[in-house]
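Read-outs throughout are calculated quantities, based only on the coordinates presented, and are distinct from any laboratory measurement. The model shown is predicted, which means the values in this text are computed figures rather than measured ones. When we count neighbours, we look across all protein chains shown, and the Cβ atoms used for this are built from the backbone with ideal geometry, even at glycine.
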Amino acid sequence: MSKITRAEIYTAIAALCDDKSHSVDAESILIGGDSLLDSMKLVELCLALEDKATDLGFDFDWTSDAAMSKSRSMFRTAGSLATEFIHQMDLKK
């Protein structure tokens, strides 16, 4: 099975940023006041990751009670999102 890397996830996030001068790394904030993406771009990102997961043979579950929690959400940072995506991908091997 093919895989996706953290760098590829960061690149997907950067492609959705309105300000193309931002570099995306593990600490880049995805929700809250200093976020790189507005809510619509975040949904676009989730749908793109869902499509990529389907291509890789698993279902990416980006919905949860904690999805938008600033303290527990996989969307806190680009790194936390990449970690969760890769974790779900690895579980489906």
*Taking amide hydrogens as modeled 1.01 Å from N in the peptide plane, which residues meet the under 5 Å criterion relative to THR77, leaving out close sequence neighbours?*
LEU30
*Which label in [x] 14.9; [y] 16.6; [z] 5.5 gives the computed mean projected area of the Cα convex hull in nm²*: [z]
_Dipole magnitude of the chain, debye to nearest 20 (Cβ charges: Lys/Arg +1, Asp/Glu -1, about Cα centre)_ = 240 debye
*Would you work out which of ALA53, ILE86, LEU42 lies farthest towards the positive end of the dipole of the chain? Charges go on Cβ: Lys and Arg +1, Asp and Glu -1.*
ILE86
